[in-house]
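Worksheet for the structure shown next.
Laboratory data are not the source of any read-out in this text; all were calculated from the coordinates shown. It should be emphasised that the depicted structure is a prediction, and the values quoted were computed from it without experimental measurement. Here the Cβ positions follow ideal geometry from the backbone for every residue, glycine too, while neighbour counts run over all protein chains shown.
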Amino acid sequence: MTRVFAAIAIGTVLTLGAVACRVESRDDYLGDKDPKRFGFGHLVDSVRLATLDIDVSPNGAGLPPGSGTAAQGAGVYLASCASCHGANGEGVPPNPQLLGGPRGTFNFAMDGKPKTIGNYWPYATTLFDYIRRAMPITTPGSLTADQTYAVTAYLLEREQVIPPGTMLDARSLPLVNMPARDHFVPDDRRGNRGGKNVR
């Protein structure tokens with residue numbers, strides 16, 4: 001029994017000593033309120049940074065050079081999108097339907113109707129952005145800027161959002177008026193949490 005207590009006592013001392021060493025070195029490190037370096041990560045060169053900095057705003061800021069039409073996008077869609085979203089954008093479960101959903105005002109949260117490009121997306125630029133960053137799902141980011149403009153044009157033309165033959169580029173894409181844009185309104189609700197107005 002004495003040996004058991006001795007082993008527990010020694011184990012406790014060693015554990016407390018290790019914790020004390022860790023805490024001491026951590027306190028020493030955290031004592032520097034303005035460290036010059038944290039000791040992790042690495043510098044990113046401008047070329048690598050450019051491959052990551054590809055977000056596109058609703059107003060079109062961030063759109064890359066390039067262009068495309070629906071005629072050019074049809075082949076891109078069939079090769080890169082149809083296996084998941086169907087030849088006509090009808091969706092292949094569990095992947096969502098892209099085209100042909102109902103139009104007009106209805107409650108998406110309650111009636112289960114599909115959210116499609118023509119009835120839900122508020123900005124054509126963010127459609128481009130999503131396709132560029134996240135699609136095709138097996139090789140996201142693999143489409144060129146021209147291919148992305150083209151497949152965006154294909155989807156928008158199929159949804160009758162743009163006239164046939166429209167060429168999309170960084171100048172024309174932000175001008176596309178999506179049918180569902182007016183369904184989205186700024187959130188101007190205010191509440192009181194902890195004595196502060198919050199949005």
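What list of ³J(HN,Hα) values in whole Hz, one per residue of segment 91-99 in order, does the Karplus curve 6.51 cos²θ - 1.76 cosθ + 1.60 (θ = phi - 60°) give from phi, with Gly and Pro shown as x? Ordered by residue, 3J(HN,Hα) equals x, 10, x, x, 7, x, 5, 9, 10 Hz.
Taking the Cβ of each residue in Asp129, Asp146, Asp55, Asp188 as the centre, tally the other Cβ atoms inside 10 Å and list the residues starting with the fewest.
On the way: Asp129 20, Asp146 17, Asp55 11, Asp188 6.
Going from sparsest to densest Cβ surroundings: Asp188, Asp55, Asp146, Asp129.
What the pair-distance distribution of segment 57-183 shows, using all Cα-Cα distances binned every 5 Å from zero, is 2, 12, 22, 26, 21, 12, 5, 1, 0 percent.
Counted residue by residue at 0.36 nm each, then reduced by the alpha carbon distance between them, the extension gain from Lys115 to Arg189 reaches 24.1 nm.
Close amide H partners of Leu143, meaning residues 5 or more places away or on another chain with modelled amide H under 5 Å apart, do not exist here.
What is the fewest-to-most order of Tyr77, Tyr130, Tyr149 by other Cβ atoms lying within 10 Å of their Cβ? Write down the numbers at each step before the final one.
Working: Tyr77 20, Tyr130 14, Tyr149 30.
Fewest-to-most Cβ neighbours within 10 Å comes out as Tyr130, Tyr77, Tyr149.
Amide H contacts of Gly68: Leu168, each under 5 Å away and 5 or more positions distant or on a separate chain (H built 1.01 Å from N in the peptide plane; Pro and chain starts excluded).
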